[in-house]
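The values are calculated or read from the model by the stated rules, or taken from the named source; none is laboratory data. Predicted, not measured: the structure shown is a model, and the values here were computed from it. Ideal geometry is used to build each Cβ from the backbone, glycine not excepted, and the neighbour counts take in all protein chains shown.
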Amino acid sequence: MNGRQTVVALAVGAGAGMLGGLMGVGGGIIMVPLMVGYLGLSQHQAHGTSLTAMILLALVAALTYAGQGYVHWTLAGQLALGSVLGVIIGAKVMMKVPSKTLRRGFGVFVIIVALRMLIGSI
């Protein structure tokens with residue numbers, strides 16, 4: 001990576017971390033499109049890289065929230081177990097999906113989530 005890419009990567013990470021901390025959104029919603037558009041990663045690389053970066057981000061965020069008493073530990077454990085099983089299946093399926101289809105599916109998913117949040121808040 002060159003100097004410009006390093007600065008962009010740090011900015012993408014900072015933005016994803018800030019939005020994750022403020023709104024609880026997954027960093028992938030921020031990181032994936034920016035890594036594809038500005039850092040030149042393939043859709044598949046962006047997904048894998050985002051998930052890898054999220055390990056530390058999620059740990060720091062979880063510890064911060066836990067320190068304030070904002071973690072329901074039983075539910076967190078149940079969600080984690082389901083998520084581990086789901087991510088294994090999802091990652092295997094993702095590897096078989098063409099980049100263009102993956103990009104479109106990701107975009108549709110983000111739009112549906114956004115609309116659901118807007119409609120649910122009215």
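Reported count of residues in the range 64-79, each being loosely packed, with under 10 Cβ neighbours inside 10 Å and of a type in the set (A, V, I, L, M, F, W, C), is 2.
When the criteria are applied in full, Leu51 fails the requirement of being surrounded by 12 or more Cβ atoms within 10 Å (Cβ to Cβ), farther than 23 Å from Lys96 by Cα and within 12 Å of the chain's Cα centre (by Cα). Taking the listed residues Ala76, Ala61, Ala66, Ala46, the one that is at pLDDT below 90 and part of a helix (DSSP H, G or I) is Ala61, with no other qualifying. With respect to the conditions (1) in contact (Cβ under 8 Å) with a residue 24 or more places away in the chain; (2) surrounded by 12 or more Cβ atoms within 10 Å (Cβ to Cβ), Met95 lacks only one, and its number is (2).
Starting from residues that are assigned to a helix (DSSP H, G or I) and aliphatic (A, V, I, L, M), keep the ones in the range 1-13 and report whichever is farthest from Leu51 (Cα to Cα). Please lay out each step first, then the result.
Taking the range 1-13 as the starting set, the residues that turn out to be assigned to a helix (DSSP H, G or I) are 3-13.
Then drop every residue that is not aliphatic (A, V, I, L, M), which leaves 7-12.
Numbers: Val7: 20, Val8: 18, Ala9: 14, Leu10: 16, Ala11: 17, Val12: 14 Å.
Here the answer is Val7.
In this structure, does Val110 turn out to be in a helix (DSSP H, G or I), hydrophobic (A, V, I, L, M, F, W, C) and in contact (Cβ under 8 Å) with a residue 60 or more places away in the chain? So Val110 fits the description; yes. Taken over the range 14-43, the residue count meeting the criterion of being in contact with a helix residue (DSSP H, G or I) (Cβ under 7 Å, 6 or more places away or on another chain), part of a helix (DSSP H, G or I), surrounded by fewer than 19 Cβ atoms within 10 Å (Cβ to Cβ) and not hydrophobic (A, V, I, L, M, F, W, C) is 3.
Only one of Val36, Val7 is farther than 24 Å from Pro98 by Cβ and modelled with pLDDT of 90 or more; which? Steps first, answer last, please.
Working: Val36 fails: farther than 24 Å from Pro98 by Cβ.
Answer to the check: Val7.
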